[in-house]
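Readers should treat all values here as calculations from the given coordinates under stated rules, not as data from a laboratory. Treat the numbers as computed from the prediction; the structure is a model and nothing was measured. Cβ sites come from the backbone with ideal geometry, for glycine too, and all protein chains shown count toward neighbours.
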Amino acid sequence: MWQSMLVFFNPIKFAITFTFGNLLSLGSTAFLIGPKRQVTMMLDPVRIYATAIYLASIIIALFCALYVHNKLLTFLAITIEFGALIWYSLSYIPFARSMVSKIMVSCFDTEF
């Protein structure tokens, strides 16, 4: 139970472990399918923006955690990283991003 609160009490430690876990995840898929195919899939025109945002969010989260040492900025960075991870993962499922986008628009649509 207390481990789940780690993000609120010590977001810097959580950001480091979460980000390195994401890097290990990318490395493991590169190991399974090969680095060349992994990079080719990441740079596919369908997911190039999702990849760029995901990699940038990893860098920002590590920068905030390791150099800035600001808990609020680090928490914001890992929140962005988590969202980018979800969006990047959805890019591998056909039509998933468009479906999620339509659901989010319908949920937050204020017009009746």
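Values computed for the structure shown
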{"quantity": "Number of the condition not met by E81 [criteria: (1) surrounded by fewer than 18 Cβ atoms within 10 Å (Cβ to Cβ); (2) of a type outside the set (S, T, N, Q); (3) in contact (Cβ under 8 Å) with a residue 60 or more places away in the chain]", "calculated": "(1)"}
{"quantity": "Near pairs, Cβ below 8 angstrom, 6+ apart or cross-chain, from the range 95-107 (closer than 16 Å to A84 by Cα) to any residue that is not charged (D, E, K, R)", "calculated": "A96/L90; R97/A50; R97/W87; R97/L90; R97/S91; V100/L90"}
{"quantity": "Any pair with Cβ under 7 angstrom, 6 or more apart, that starts in the range 33-61 at a residue that is under 19 Å from P94 (Cα atoms) and ends at one that is basic (K, R) and surrounded by 12 or more Cβ atoms within 10 Å (Cβ to Cβ)", "calculated": "none"}
{"quantity": "Scope the range 88-112; condition part of a helix (DSSP H, G or I) and loosely packed, with under 10 Cβ neighbours inside 10 Å; matching residues", "calculated": "V105, S106, C107, F108"}
